[in-house]
1. Would you give the gap between the C-alpha center of the stretch 226-266 and the C-alpha center of the stretch 1-73, rounded to a whole Å?
2. Consider just the alpha-carbon atoms of the stretch 184-296 and return their Rg together with their Dmax, both in angstrom.
3. In 10 Å bins starting at 0, how do the alpha-carbon pair distances of the stretch 17-74 split up by percent?
4. Quick one: compute a quarter of the convex hull surface over the Cα atoms of the stretch 271-416 and quote it in nm².
5. Eigenvalues of the Cα gyration tensor times 5, then square-rooted: what semi-axes does that give for the stretch 177-239, in whole angstrom, largest first?
6. Using Cα centres only, tell me the gap between the stretch 280-322 and the stretch 389-416 in whole Å.
7. Taking every DSSP beta bridge that has both residues in the stretch 197-340, what percent is antiparallel when rounded to the nearest 5?
8. Just to confirm the filter: which trypsin sites (Lys or Arg not before Pro) across the stretch 71-152 are DSSP coil and have at most 16 other Cβ within 10 angstrom of their Cβ?
Amino acid sequence: MSLDLRAPTASDYPDWLRSLRNGFLTAGAPSEEDVAERLADTDLSRLQGAFDAGRCVATFRSFAQRLTVVGGATVAADAISGVTVAPTHRRRGLLSRMMATDLAAARERGEVVATLIAAEYPIYGRFGFGPATWAAEWEVSVHRAGLDPRRSGQPADGGRIEMVDGADVRKYGPELHTRLAALRPGVVSRSERWWRLRTGAAPSPAHEQWTEPFYVIHRDADGEVDGLMVYGTDDKWGDAKQPLNTATVRDLIALTPAAERALWHFLCSVDWITTVRSGYRAPDDLLPHLLPDPRAARTVTHADWLWLRLLDVERALEARGYERAASLVLDVRDGGGVAEGRFLLDVSPEGARCTPTTRSADLALGAGELASLYLGDESVRRLVDLGRAEELRTGAAGTADAIFRTGRRPWCPDIF
């Protein structure tokens, strides 16, 4: 194969970005402004490209990230993004080579897990990834929601809603997000550039048309900001001059159920809004049941979201929290990969210890299945029934479910 697989240089970067855009069907050369903005925030040593006769035909990017795990701790993650292979160069092993290079480098750096958002479901399981969070989206018919149309949209518990601007979001948002991350496994870190891009303070990529959204915050009765909502609207009217506008939520952070209820009720009270799209939320989100008539919220999306791969099984399992004491021997199968091995896991509410062992295994499963369990979302019993895990000791699946599963499902609010 005459392909040159390497990290692109700064002079290669415009061609690398062109190849990336082609892979995601946003054809056309990137603007100089787009290249400069992205390059300033890119570690070229964590990019890979395949070059054929000097032209980039495959792309791969990773960057440093923090992932919140069960119990509120965070672990270092190798966040993978920008993975493409040109249709002229498929089935040549380029993705496999780039993935192997990246995961080896991530483990060398000491990163505990790798994360990604999968564009297509079948691709990443063969690299030891498993879906660790899922996402749902609802469409709410405001007229059917059962809310009193005479209410002003302000909470009745002493809290209040305020409309703010992008500068306020950059002021309050990062702290709110940090506090959310301490409450919800699956939340990933956001950079300063993330906030600048989504409040119009940094130029958007050429293929993404920026439109200024609406920003609102919620203050509790003591005046503390404990919620943020960002939403956009269309401009649609019926033939009889009736408003048919849809509000689409771009971001929502609520640290308490009261703040979450207040923000949703506010949006459903805005004049001319007849439909609300929730954006991607956790599948067990409170939204439908915050309405007097939950049937007004129709599920329009339910799909896998954050995919995870464990790079260091011992450190990963010791980092998360557990609500009860138990002991399990896990036989993790990874085709010779970094998660391969047999591990004794001793856990309690005080902490966990995970060590290699030669003891007989209680449960056997693949690296991707362990990744799906890690944040508390998947059921071991279901994996056994699907033939994707093997219960080697009677009762082991029940024990594993009791220590791994969480009361609320993990959720990742972001795409990357």
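1. Rounded to whole Å, the Cα centres lie 35 Å apart.
2. Cα radius of gyration and Dmax of the stretch 184-296 are 15.7, 47 Å respectively.
3. Histogram of Cα-Cα distances, whole percents per bin: 19, 41, 23, 13, 4, 0.
4. Numbers: hull surface 46.3 nm².
Projected over every direction and averaged, the Cα hull of the stretch 271-416 covers 11.6 nm².
5. Values: eigenvalues 134, 80, 27 Å².
Rounded to whole Å, the semi-axes are 26, 20, 12.
6. Centre-to-centre (Cα) distance: 13 Å.
7. Details: 14 of 18 bridges.
Around 80 percent antiparallel, to the nearest 5.
8. Within the stretch 71-152, the qualifying trypsin sites (Lys or Arg not before Pro) (loop, at most 16 other Cβ atoms within 10 Å) are Arg90, Arg91, Arg92, Arg150, Arg151.
The values are calculated or read from the model by the stated rules, or taken from the named source; none is laboratory data. In this text, all values refer to a predicted model and were calculated from it rather than measured experimentally. Positions of Cβ are generated from backbone atoms using ideal geometry, with glycine treated the same way; all protein chains shown enter the neighbour counts. Areas reflect the complete protein model, heavy atoms only, side chains present, ligands, DNA and RNA absent. Shrake-Rupley method; radii C 1.70, N 1.55, O 1.52, S 1.80 Å.
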